[in-house]
There are 2 protein chains.
Amino acid sequence: MANYINKNVPRVAIGAFYGQENCDITLSVTSAKDTGHDFIILPITHSNYKRFLFDQVDKDINDMQVNDNTFNNDKQHMEEWRKGHPFLKDDLIIKDNEHTDYLVGKISEWIDLDSSNHRVRTNSEIALNQQISWVSHLGFTAILAPTPTNSFANYARSLNRILGSLTYTHVWMRIPLVNEDMSCSNEIEMWERWNKLRTFCENHSKLSVALELPVDLPDEVYLERWFAEPIKAVILPTKIFLTNAKGYPVLSKKHQTFVKKLMKNKPNFVIFDDMTNKHQNGGFASYQEYIRHLNRTMPELDQIEQFASGYQDFLQSPLQPLMENLESSTYEIFEKDPVKYALYEKAVYHALLDRVAPESNQITVIMVVGAGRGPLVTRSLQAAEKAKRNVRIYAVEKNPNAFVTLQNMKSQEWGDKVTIVFGDMRKWKSPEQADILVSELLGSFGDNELSPECLDGAQKFLKSDGISIPSSYSTFISPLSSSKLHSEVSAYKDLTHFETPYVVMLQSVAILAKPQEIWKFEHPNGLMIIDNEGNPINNYHNTRYSKITFNVKNGGILHGIAGYFESVLYKNIIMSILPETHSEGMFSWFPIFFPLKTPIYLPSNSTIDIHFWRLSSSQKVWYEWCVDTSFGSSFIQNVGGRSSWIGL
Amino acid sequence: MANYINKNVPRVAIGAFYGQENCDITLSVTSAKDTGHDFIILPITHSNYKRFLFDQVDKDINDMQVNDNTFNNDKQHMEEWRKGHPFLKDDLIIKDNEHTDYLVGKISEWIDLDSSNHRVRTNSEIALNQQISWVSHLGFTAILAPTPTNSFANYARSLNRILGSLTYTHVWMRIPLVNEDMSCSNEIEMWERWNKLRTFCENHSKLSVALELPVDLPDEVYLERWFAEPIKAVILPTKIFLTNAKGYPVLSKKHQTFVKKLMKNKPNFVIFDDMTNKHQNGGFASYQEYIRHLNRTMPELDQIEQFASGYQDFLQSPLQPLMENLESSTYEIFEKDPVKYALYEKAVYHALLDRVAPESNQITVIMVVGAGRGPLVTRSLQAAEKAKRNVRIYAVEKNPNAFVTLQNMKSQEWGDKVTIVFGDMRKWKSPEQADILVSELLGSFGDNELSPECLDGAQKFLKSDGISIPSSYSTFISPLSSSKLHSEVSAYKDLTHFETPYVVMLQSVAILAKPQEIWKFEHPNGLMIIDNEGNPINNYHNTRYSKITFNVKNGGILHGIAGYFESVLYKNIIMSILPETHSEGMFSWFPIFFPLKTPIYLPSNSTIDIHFWRLSSSQKVWYEWCVDTSFGSSFIQNVGGRSSWIGL
C-alpha cells in the first residue's frame, strides 16, 4: 500500500515529559509550548515532600527540613499529617489550576506502597491519596501513576479505592513494554504484571496504560497482546530514536510499524526526555515533529476503514430484519457496498448461463425474496442482459415502507419483467415455481438473521432442481482477547449484556487462534420434513451444536468469541468476512462478538474447547456458548435464550 | 469416642432402587414399603419409549413396534412427536400422582445427548424434556438423572435449560465416586466431571449429587473434596456390602467411616439392588436396617455440635456489638459457654497471683470493660477469692439494657467490691488506674468486633505496667472449598453479599490448606501515638496487611477463605477456635467465611497467594481480600469497605 500524505488524518496529541523531580511550572509549560507540544507531564509535588514518607516517629526534630512554623515536626504533628493535614504550599509544583488543561500530573515515583515497613506503606498511601485528590480537585483529566514493582497488591488496592472516587480524572499507569532489568525471555512479564494489577482493580474503566517503548522491541507476537489493552498514552523515551543523516531523530522500521499500529487507537504520545541528548541538531521539538510526520504519512484508510471510522470497538446489536422493518437509511448504507452486489450479479449471471442453453427462448423465473428496496432485482436484470437470457422476476418484500420504493422502481426502471409482491416469503402462495431463488438474508454470523428459516419457507416455490443464491453459508469462530470490549459490556452491569452478541468493528483486540468452522447451512435443503402445505413441521433441522478445540500459542485473557461467515453464492463465487478470505472492499458486515461473563486466563500453548449451539423454539432462535479449559470453564451462557434471541 | 445408641438422632431417609428397566408400579411400591423403605426410585417411562430416540426418518413403518392407531409412524408423525406430542399412556411407568410422595423418578439412561448424530441428540433432548416436565407436573420432589458420559456439554446445556423452569423438583445427578472403567489413578476424574458439569450449569441450586459408592473406596484425601459438594443422595449398591458371620450385610470399616461422615449432612440413602444377590439371609430389608443401625450408633453430638445443630453452613452476619446493642437472649446464649469463662477465670487468677505478693493487703484494681450482663465480673470475683487477693472491680458497659442486669447483680450478688459504670469505655473518665483490664471483645476473626480500637481507648486508664486480658490475639486464614456456601451467597444475586464475611458453622466444606497466621494485636500497645487526652490520634496502627502463600496439595475449587482466631488470655492460657488448638467444648465462636465472587479452580499441588487487609477510616473498619494464583486472580473484594464494614 502506497505511503502518501493523508490530509484527513486528525492531529495526534503529543506531550512533553522531562525527567527531573523538581521544576518551575511556568518555565516548563512555556518550554513545552515553544517546542510544539500539546501537553506536559509534571510532578505534582516537590521532592522534599518525600520527608513525610520516610518519617521516623522517634527521629530528631532537627533532621526534618521543614521551615514552616505551622507544622512542627514532633510525633503528634506527624500524626496530624497522617490524619489529613492539607498540603503545604511549598511542597507543591502544581499549585493551582492555571494550566490545568495543559497538564498531566505525575505521582511521586518514590512512594512505596508495598514496603515491608507498615509505616512507610501507610504514609505512601496517604501521599498517594493526597496527590491524586489534589489534581482531581483541580479538574485534571489524567494522572501518570508509577510503574508497579514486583510486588504490588497493596499499590493496586490503594489505587482501586481511589479510582471509584474519580469523576473526570483518568489514571495512566506507566508500564515499560519490556522490563529492562530482566533477560529477554521475559517479554510477557510486564504484560502479566499489568494484567494482574488491573484484575485486582476489577478492570476499572478509569485505569489505563501509558506504554513505554524500549530500545529493542520484542517479536511481533509479544506486541500483539498490547492491542487488546486500554492504551491511553505511548511514552517514547528519546533514547529509542535513531539518528538520520542530518542528525535528526527517526525511529527504526520495527518501531515505526508498531507506533503506526498504535496510532489507529488514537492514544496520546509522550516524548520522554531521558537526558541522553542524542539529537542535538533538531532540539527537543524534532521528536514531536517526527511523530506528527509519521501520523500524516499513515496509509490512507481503505474503503472498509473509511466506512468503519468511528465504529471501531463500538458494540451494536445485530439487526432483526425479520421482526423489525429496516429503515430506509439502513438500506441505503448497505446498498452502497461496491463489492457485495457485484458478487451477487456474477452469481446470477453464471447460474443463468448454466441453467439455459444459449439462444434458447426459455424464460428463467428468478425470485428475489426479501427484495428490500430492490438492489438484487436490478442486479438480476443486469445479469440477464449480460448473459443474454430471458427472465421473469418476482420481488417479494414484507416491509411496507421498502415496498413503496419497489413500486417506484418497477414503474420507473424495471417494467413488465418484474412482478412485485407484498408479503412474507414464508407465507406467500406463489403463482409458479422458481428456477433461481435470490436472497440476501445473511448476518455477520451467517445464519443469525434467520436466513435458514426464511429460505425453508421459500423453498416450496423453488423447483426441485432449482438454484438458491446463496447456495450455502458457513459460520466460523475464534477465541478473542479484548479488555476494552469486555469493559464496554461490563459497563451495563447486568448479565443480559454478557449474554448478547454484538456486531463490532474489531480494533483493540487480539485474536488468540485462527478461526474454525462451526457449522454450515445449505439451500435448498433436501432433508427437511414438510407438512402438506410445504412448510417445515418443526425447526430441529436448523439447530446446530459444535465443539471446537483451539490451540492458543500466545497466552492472553479470553474475553469472548469472534464470529464470521463465509458463503458460497454460486459454485466458486464466494462472499466472505472471514479475515483470511475476506471479499476485498466489502463493508456490509463487521464481525460478531459473543462476550464471556468471566474472562479466563490462558497460558501460552494452551488448549481450549468452545461449545456453540444454535437452538430454536417455535417462537425464536438463539445461541448458547461456553468455554472449557483445564484452567477453568465458563457456564453455558444465554441458557434458553434468556438474554438474547431472534424472533421468528 | 464411645459408640452407643443415640436416641436423639433423627430417622434417616432410605430409598429402594431396583435395577430393572420395566416394572409394575403398584408391585414395586408395595415391595419397597414392605421392606421398610421410605421411598423408591422408579423409571419414568417403559423401555419401549426408546423407539423415539433411535428413529430413522426413512425407516420402514413396520419396524416400529407401536400399536396405537392414533400415532402412525410415518415421517410426519415422528416430526409431530418432536414438535411436542404428549406421552402415550402405555409409554409410562409413572402414570399419575397416586404415589408422588413416595417416588423419585428416574430419567431413561439410554438418552444420548452427546451423540454425534444430530437426530439422536435432538430426540434425546426432547425425551429428557418430556420426562422431566412430566414428573415436575406431578409435583415430584426429586428426579434421578443419568451419569454424564465423557462428553457431556450438550447434556449440561439441556439440563441447564430445564433447571430454570423447575419449582419443587430437584435433580439428583447420579455420580459414581470412582469411574470403574478407569484405572485407579483417576480418583478425581468423576469429581472433575461433576465439577465441570455444574460449572456449565452456573452452579444451579436445583442440581445436586447422588453419589454412588464403589466396592473399593479411594484414599481419604480423595473423599474429602466430596464434603464440599451438594450431596442430596448416597447410592449404596448391594455389591459393596460385606457379609457378616450370620450372612447379613455390613459395610467395611472404611465405608462405615465415610457413610457416617456423609450422614452429618443428612442426605437420602438409596439401596441399589444390583442383582448380585449376595445376602440372601436378610433379604432386601436387611440393607436399610443396617444403615439405620449405623445412623443410630453415630457418636453422640459433642457440646459444640449440639449447640450448632441447625446452624451448619448457615450464613450469619457477624455481630456489631459496638454499633448495636446486643439483645438479652444473645448474652444468655454466650454466657452458657462452659469453657470460655473458665479460661478467663484462670487467666485473672494467675494475673492476680503474679501481681501481688501473698498475704499483702494491697488492693488490685480490675476493670471489666464491656461487662455485658456481668459474667466476667463474677468470674473475676471468684478468681480473687481463690487467689486470696483483695480486689476492687469496675464494670463498664455502654448497653443500657444490659446495665439494668448489672445493677441487679451488684445489689443481689456482688456488693461493694464492684462499681458499675454506664458508658463507652473509649470515653469514660476513670477515677483511678487499673491493674488488670479484662475484656471479651473478640469476634471469630479476632479483631473483627473492634477489640483493638476499644482497648486502645481503655488503655488510658490502665497502669503503665498493667495487664490486659486478653494480652494478644492472632488471626488465621485458610483457603476453602464449598460449593454449598458459594451458592448460598450467590442466591442473593448481588455483589454486596459476596463482599461480606459470614459467621458460619462450617460443614459442607473442604479446607484446602492448613490455616496460617495473618496478623496479631497486642495489649497494652506501647507504640500508639496519643493526644493530650490519652486517645489515639488516628487508627493507622490498627491497620494490617498480609500476604500468605498456601500450598494446595489436593486440588479443588476455591470458593472463599475461612478465618479463625487464637488468643493469649494471659501467659500460657490460650483461648482458640483454630481447628488445631481449639479450646475443647467452647462454642461461643464459629469460624468466619469470606466469599470469593468468582470461584477459582486449583489443580493439585498448586500455590496460591492470599492478600488480606484490615483497613480503617475515622468512621469504620473493614477488610479487603484477594487471591492470586497462576491460573487466575480475583479482584480485590470490598474496596474501601463498600459492601461490609464495622462502625467505630
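Could you count how many Lys pairs in segment B:328-440 have their Cα atoms under 14 Å apart, skipping same-chain pairs fewer than 8 positions apart?
Here the count comes out as 4.
Between beta-carbons, use under 10 Å as the cut-off and find the net charge around residue B:461, counting Lys and Arg +1, Asp and Glu -1.
+2
Please give the length that would be gained between residue A:553 and residue A:495 if that part of the chain were fully extended, namely 0.36 nm times their separation in residues minus their C-alpha to C-alpha distance (nm, one decimal).
17.9 nm
Which FRET efficiency value, to the nearest 0.05, is calculated for residue A:292 and residue A:242 with the Förster distance at 25 angstrom and r the Cβ-Cβ distance?
0.90
For residue A:475, tell me the accessible area in Å² from a 1.4 Å probe, rounded to the nearest 10.
Rounded to the nearest 10, the figure is 0 Å².
When you count, for each residue, the other Cβ atoms within 10 Å and take the mean per peptide, how do A:592-599, A:527-534 rank with the highest first?
Packing order, densest peptide first, comes out as A:592-599, A:527-534.
I want to check the label-to-label distance for residue B:465 and residue A:90. Put each point 7 Å from Cα in the C-beta direction and report it in nm to one decimal.
4.7
May I ask for the net charge around residue B:472, where only other residues with Cβ less than 13 Å from the Cβ of residue B:472 are counted and Lys, Arg are +1 while Asp, Glu are -1?
For residues surrounding residue B:472, the net value is -2.
Excluding same-chain residues fewer than 8 positions from residue B:254, which aspartates and glutamates have a Cα within less than 18 Å of its Cα?
Those aspartates and glutamates meeting the cut-off are B:187, B:212, B:216, B:219, B:220, B:224.
Measuring nothing but label to label, 7 Å from Cα along Cα→Cβ, what are residue A:275's distances to the other copies in nm, shortest first?
Computed spacing set for this position: 8.8 nm.
Once every DSSP H run of n ≥ 4 in the protein assembly as shown is given -39500 (n - 2.57) and the sum is divided by its residues, what mean residue ellipticity at 222 nm do you get, rounded to the nearest 500 deg cm²/dmol?
Dividing the helical sum by the residues of the protein assembly as shown leaves -7500 deg cm²/dmol.
Expressed as an acute angle from 0 to 90° and rounded to the nearest 10, what is the orientation of the C-alpha long axis of helix A:375-387 relative to the principal long axis of chain A?
Helix A:375-387 sits at roughly 60 degrees to that axis.
Run the 1.4 Å probe and let me know the accessible area of residue B:464, rounded to the nearest 10 Å².
Its accessible surface works out to 120 Å², give or take rounding.
Output the 0 to 90 degree angle, nearest 10, between the alpha-carbon long axis of helix B:253-263 and the longest principal axis computed from the alpha carbons of chain B.
80
What is segment B:328-440's relative contact order, in percent, from Cα pairs under 8 angstrom and six or more apart in sequence?
Relative CO of segment B:328-440 lands at 31 percent.
What is the percent carbon and sulfur in the accessible area of the protein assembly as shown, measuring with a 1.4 Å probe over the protein chains and ignoring ligands?
49
May I ask you to derive the relative contact order of segment A:472-647, considering only C-alpha pairs under 8 Å and at least 6 residues apart, and to give it as an integer percent?
Result for segment A:472-647 is 28 percent.
What fraction, in whole percent, of alpha-carbon pairs in chain A exceed 45 Å separation?
35
Just how large is the dipole of segment A:328-440 about the Cα centre, in debye to the nearest 20, putting +1 at every Lys and Arg Cβ and -1 at every Asp and Glu Cβ?
120
Using a probe radius of 1.4 Å on protein heavy atoms only, what is the accessible area buried between chains A and B, both sides summed, to the nearest 100 Å²?
4500
Let's see if you can work this out: charge +1 on each Lys and Arg Cβ, -1 on each Asp and Glu Cβ, no other charges. What is the dipole magnitude of chain B about its Cα centre, in debye to the nearest 20?
940
Sort B:146-156, A:364-374, B:452-462, B:434-444 for me by packing, meaning the mean count of neighbouring Cβ atoms within 10 Å per residue, highest on top.
Answer by packing, highest mean first, reads A:364-374, B:434-444, B:452-462, B:146-156.
Out of all DSSP beta bridges in the protein assembly as shown, what portion is antiparallel? Express it as a percent rounded to 5.
Expressed as a percentage, antiparallel bridges in the protein assembly as shown total about 50.
Taking a label point 7 Å from Cα toward Cβ, how far is residue B:336 from its twins in the other copies, in nm, shortest first?
Once sorted, the set of distances for residue B:336 reads 7.9 nm.
Work out the FRET efficiency for residue B:408 and residue B:382 from their Cβ-Cβ distance, taking R0 = 25 Å, and round it to the nearest 0.05.
With a Förster radius of 25 Å, E is 0.85.
Which number do you get for Rg(Cα) / (2.2 N^0.38 Å) in segment A:222-353?
Compactness ratio reported: 1.61.
Summing +1 for each Lys or Arg and -1 for each Asp or Glu, what net charge is found among the other residues whose Cβ lies under 13 Å from the Cβ of residue A:315?
-1
Treating the angle as unsigned and between 0 and 90°, give the value, to the nearest 10°, between the Cα long axis of helix A:340-355 and the longest Cα principal axis of chain A.
With rounding to tens, the tilt is 30 degrees.
If you average the alpha carbon positions of segment B:190-209 and of segment B:408-457, how far apart do those two centres end up, in angstrom?
If you average the Cα positions of each part, the centres end up 50 Å apart.
At 0.36 nm per residue, minus the direct Cα-Cα distance, what do residue A:300 and residue A:316 gain on full extension? Give it in nm, one decimal, please.
So the chain would gain 3.2 nm between residue A:300 and residue A:316.
Whole Å is fine, so just give me how far the alpha carbon centre of segment B:520-578 lies from that of segment A:341-406.
Centre-to-centre (Cα) distance: 80 Å.
What percent do you get for the relative contact order of chain B when only Cα pairs under 8 Å and 6+ apart count?
Taking the mean separation of contacting Cα pairs over the length of chain B, I get 11 percent.
Please state the Cα pair-distance histogram of the protein assembly as shown with 10 angstrom bins from zero: what percent is in each bin?
1, 8, 13, 16, 16, 16, 13, 9, 5, 2, 1, 0, 0, 0
Using the eigenvalues of the Cα gyration tensor, what equivalent ellipsoid semi-axes result for segment A:328-440 when each is taken as the square root of five times the eigenvalue, whole Å, largest first?
They are 22, 17, 12 Å, listed largest first.
What are the nm distances, shortest first, from residue B:181 to its equivalents in the other copies, labels at 7 Å along Cα→Cβ?
Copy-to-copy label distances for residue B:181: 5.3 nm.
Each label point is 7 Å from the Cα along the Cα-to-Cβ direction; what then is the distance between the points at residue B:417 and residue A:221, in nm?
Using points 7 Å along Cα→Cβ, the separation is 8.0 nm.
If the cut-off is 15 Å between C-alpha atoms, which aspartates and glutamates fall inside it for residue B:95, apart from same-chain ones fewer than 8 positions away?
Cross-link targets: B:24.
With the calculation restricted to Cα positions, what are the radius of gyration and Dmax of segment A:472-647 in angstrom?
Rg and Dmax of segment A:472-647, Cα atoms, are 17.0, 56 Å.
Hey, which lysines would be in cross-link range of residue B:206, C-alpha to C-alpha under 22 Å, not counting anything within fewer than 8 residues on its own chain?
Cross-link targets: A:597, B:106, B:196, B:232, B:264, B:266, B:484, B:493, B:597.
As a test, work out the antiparallel percent of DSSP beta bridges whose residues both lie in chain B, rounded to the nearest 5.
Taking every DSSP beta bridge within chain B, about 50 percent pair in antiparallel fashion.
Determine the shielding of peptide A:152-164 by partner chains: average, over its residues, the number of Cβ atoms on other chains within 10 angstrom of each Cβ.
For this peptide, the per-residue mean of nearby foreign Cβ atoms is 5.
Given a 1.4 Å probe and the protein chains all in place, what does the accessible area of residue B:600 round to, in Å² to the nearest 10?
Rounded to the nearest 10, that gives 10 Å².
Which distance in nm do the two modelled labels at residue B:354 and residue A:572 give, with both placed 7 Å along the Cα-to-Cβ direction?
If labels sit at residue B:354 and residue A:572, their model points lie 9.5 nm apart.
Which residue, chosen from A:422, A:383, A:361, occupies the Cα position most advanced towards the positive end of the dipole of segment A:328-440, where the dipole is computed from +1 (Lys, Arg) and -1 (Asp, Glu) charges on Cβ about the Cα centre?
The listed residue farthest towards the positive side: A:422.
The values are calculated or read from the model by the stated rules, or taken from the named source; none is laboratory data. For clarity, every value in this text was computed on a predicted model and none was experimentally measured. Heads up, the Cβs are rebuilt from the backbone with ideal geometry, glycines too, and the neighbour counts pull from every protein chain shown. Note: accessible area is taken over every heavy atom of the protein model, side chains too, but ligands, DNA and RNA are not part of it. Shrake-Rupley method; radii C 1.70, N 1.55, O 1.52, S 1.80 Å.
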